[in-house]
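Engineer: Before we start, here is the structure in question, set down as structure tokens.
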Amino acid sequence: MAGRIVVFGATGYTGVLTARALVAQGARPVLAGRNRTALTALADGLGGLEIAYADVEEPRSVRALVESGDVLVTTVGPFQRYGHAALEAAVDAGAHYLDSTGEPPFIREVFESYGPRATRSALIPAFGYDYVPGNLAAGLALDRVGDDGFRVDIGYFVGGGDLWRGLTAGSLQSVAGVATARMYSFRGRIHEERRPRVREFQVAGRSRPGLSIGSSEHFALPESYPALYEVNVYLGWFGRATRPAARGRVGAYGARAALGTMARLARRRSGKSTLTSRIVAVAYDSEGSLLTDVHLSGGDPYEFTAGTLSWAACQASRGMVETGALGPINAFGLAELEAGCAMAGIARVTG
């Protein structure tokens, strides 16, 4: 019997998109959050779904959402501040767990602290635009080159006419507040990064810079590809401001917050986001020679996040083989992940 799917934070921006995507796939999730009025309105609009009250300030209410075999999907962030109640609930209950975080410190905590405790649960963090496409692109590249794959560099890029327009002073202050997070990379083990690094990628025929960031790929890919020694991930959302941003310690973690704000502002003006996505993975051998590259392309990151979260939740509700903290490939398999991402709107393209 399939476990229930519970969407915690269902009335937030990503939560609403995820609930709608689940219903479109034929699921009937439980919608959870602290605003009963908003939950009821959303549940009624989606065909009369079950609702449940839960608030991170009352951890028992979050624990009551799930039992063994259920799937807890949480979009309640910032995750460093609000994410632990859902993690604790899933581990304690033996429920499977998915979240929409893009926060490097929280991702690291899931893998290093919660994963060893999750003997009955599959914990799969950052299951959205942050950082499923990079895991997929790198997996496709490494699968192509086999044990010769020594290093992989991954870049995330966005485009669209509304990208920077309308960012308010308050939003800029928010970006500055999260930009101080300590980053990391993987070279045989997890390494601390004192400051962001800059790397150029060839994307759709032109060179684009990216800032280094900590992500799930650093933990997930070495588990799937034991010959892999080095993993680097970059976000290319600053454009010409990338190098000044790196010198000023405005890390790529801050860029993610900017992207979220910009996507919302774009929708409020036009009703539909014009953002597009491009993801690149480049594999090298131990001598530094390029072996292969893989390019993915798609549309709005928030729509993709909702689509992948809903797809993964449906998969996990049927049962998981592995437990502990997992990356997307370990959790579902490379071919299945590629199909799920394509369904959600990001697929392979030529360079």
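The values are calculated or read from the model by the stated rules, or taken from the named source; none is laboratory data. Bear in mind the structure is a predicted one, so any value in this text is a computation, not a measurement. In this analysis, Cβ positions are derived from the backbone assuming ideal geometry, glycine residues included, and neighbour counts consider all displayed protein chains. Protein only, heavy atoms only, side chains kept; ligands, DNA and RNA dropped before computing areas. Shrake-Rupley method; radii C 1.70, N 1.55, O 1.52, S 1.80 Å.
Engineer: Would region 307-314 turn up any residue that is buried (at least 21 other Cβ atoms within 10 Å of the Cβ), in contact with a strand residue (DSSP E or B) (Cβ under 9 Å, 6 or more places away or on another chain), farther than 29 Å from Gly115 by Cα and not polar (S, T, N, Q)?
Structural biologist: No; the residues of region 307-314 include none that is buried (at least 21 other Cβ atoms within 10 Å of the Cβ), in contact with a strand residue (DSSP E or B) (Cβ under 9 Å, 6 or more places away or on another chain), farther than 29 Å from Gly115 by Cα and not polar (S, T, N, Q).
Engineer: Going residue by residue through region 96-109, is there one that turns out to be open to solvent by 30 Å² or more (accessible area, probe 1.4 Å), at pLDDT below 95 and part of a loop (DSSP other than H, G, I, E, B)?
Structural biologist: no
Engineer: Moving on. Keeping to region 110-156, report how many residues are part of a loop (DSSP other than H, G, I, E, B) and at pLDDT 95 or above.
Structural biologist: Final tally of qualifying residues: 11.
Engineer: Continuing with this model, one more query. Against the condition open to solvent by 40 Å² or more (accessible area, probe 1.4 Å), closer than 21 Å to Asp99 by Cβ and modelled with pLDDT of 95 or more, how does Glu223 come out, does it pass?
Structural biologist: Yes.
Residues checked against (1) open to solvent by 10 Å² or more (accessible area, probe 1.4 Å); (2) closer than 29 Å to Asp293 by Cα; (3) modelled with pLDDT of 95 or more; (4) out of contact with any helix residue (DSSP H, G or I) (no Cβ under 8 Å at 6 or more places or on another chain):
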position	(1), (2), (3), (4)
Val158	no, yes, no, no
Ser171	yes, no, no, no
Val175	yes, no, no, no
Val178	yes, no, no, no
Phe186	yes, yes, yes, no
Arg189	yes, yes, yes, yes
Ala204	yes, yes, no, yes
Ser212	no, yes, no, no
